[in-house]
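Just below is one structure, and these are the notes that go with it.
The values are calculated or read from the model by the stated rules, or taken from the named source; none is laboratory data. As the structure is a computational prediction, the values presented were derived from the model and not from experiment. Glycine gets a Cβ as well: all are built from the backbone with ideal geometry, and neighbour counts include every protein chain shown.
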Amino acid sequence: MLSPEIGIQLYSVRETLNADFKGTLKELSKLGFRGVEFAFNYGGIAPAKLADFLKTQNLQAIGIYERLDNICNPNAEVYAQAAALGCKHLTLGFGLKQLEEDFDKCLDTCRTAVNTAAVKGLTVCYHAHAHEFKKLNGEYYLDLLLNAPGLGKMAFEADTCWIQLGGEDVIGYMEKYADRIPLLHVKDVTADGKITELGSGVIDFKAVADFAKANNIPWLSYEQDATDKPGLESAVMSIEHLKNCL
């Protein structure tokens, strides 16, 4: 049974990151985060130098969230970043308007992204939000995406908060795709739907940690889209709760 490592989607500390990129990564490492997911911000640092800096902080690049058109373009900068950083997972998602207006086009785009990334030795992860739990012909958009022909190689970046807000049982829904989850976003939410620090909401992260261990999921990646506290303060609270759950 694998005990997962703890990572963080850097969007959670975006303001602090913009003010002091390297200093923020140093603080995250000190707190015990071992993996980082990037989202459009590399601190203005060249890929090779960024990779060297991550090594000095005992941090690993575990994911890169990127625009779909870039993942579909084999010459896009994201592939140079991923190669230098040793990152094996690219993450993406659609907005509700895209899904509703032309779902078949979304499927085709996903296939292109998955195949383009595969040639580079990378895996595409679909990161869903609550709107993918809306239905088309009686089925969730998310299920239709994950089960579509030609998308069996697409992984699933499950997100505890969005599954909860989508109206599903968090553990029960993840069980359906347990063998396709390399990155699991741990995010808490209050009973009235407000994103909050881990342990301050309604989600049972002990159960989430046990699920991850039982299914050999390598990374629990903390993400907090919104907070009324400084990002690092929320990160301190959340990682301590997650450590206790593990």
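Of all residue pairs spaced 6 or more apart or on separate chains, those with beta-carbon atoms under 6 Å, a first member in region 121-142 that is within 14 Å of THR91 (Cα to Cα) and a second member that is among the polar types (S, T, N, Q) and part of a strand (DSSP E or B) are CYS125/THR91; HIS127/THR91. Taking region 219-245, which residues are assigned to a loop (DSSP other than H, G, I, E, B) and buried (at least 17 other Cβ atoms within 10 Å of the Cβ)? GLU223, GLN224, THR227 - these are the residues of region 219-245 that are assigned to a loop (DSSP other than H, G, I, E, B) and buried (at least 17 other Cβ atoms within 10 Å of the Cβ).
Only one of ALA76, ALA117, ALA82, ALA48 is among the hydrophobic types (A, V, I, L, M, F, W, C) and either at pLDDT below 95 or loosely packed, with under 14 Cβ neighbours inside 10 Å (or both); which?
Values: ALA76 fails: either at pLDDT below 95 or loosely packed, with under 14 Cβ neighbours inside 10 Å (or both); ALA117 fails: either at pLDDT below 95 or loosely packed, with under 14 Cβ neighbours inside 10 Å (or both); ALA82 fails: either at pLDDT below 95 or loosely packed, with under 14 Cβ neighbours inside 10 Å (or both).
Selected residue: ALA48, the only one of ALA76, ALA117, ALA82, ALA48 that is among the hydrophobic types (A, V, I, L, M, F, W, C) and either at pLDDT below 95 or loosely packed, with under 14 Cβ neighbours inside 10 Å (or both).
Condition (residue is farther than 26 Å from LYS105 by Cα, of a type in the set (S, T, N, Q) and under 17 Å from the mean Cα position of the chain (by Cα)) applied to region 173-193: is it met by at least one residue? No; the residues of region 173-193 include none that is farther than 26 Å from LYS105 by Cα, of a type in the set (S, T, N, Q) and under 17 Å from the mean Cα position of the chain (by Cα). Scan region 107-145 for residues that are in a helix (DSSP H, G or I) and charged (D, E, K, R) and the total you get is 4.
Residues in region 71-97 that are farther than 19 Å from PHE156 by Cα and out of contact with any Cys (no Cβ under 8 Å at 6 or more places or on another chain): 13 in all.
Would you mind stating whether GLY172 is free of Cβ contacts under 8 Å to residues at least 12 places away in the same chain and either surrounded by fewer than 18 Cβ atoms within 10 Å (Cβ to Cβ) or more than 25 Å from ALA226 (Cα to Cα) (or both)? I'd like the intermediate steps shown before the answer.
Numbers: free of Cβ contacts under 8 Å to residues at least 12 places away in the same chain: yes; either surrounded by fewer than 18 Cβ atoms within 10 Å (Cβ to Cβ) or more than 25 Å from ALA226 (Cα to Cα) (or both): yes.
Yes, satisfied.
If you check ASP143 against the conditions, is it within 19 Å of the chain's Cα centre (by Cα) and surrounded by 21 or more Cβ atoms within 10 Å (Cβ to Cβ)? In short, no.
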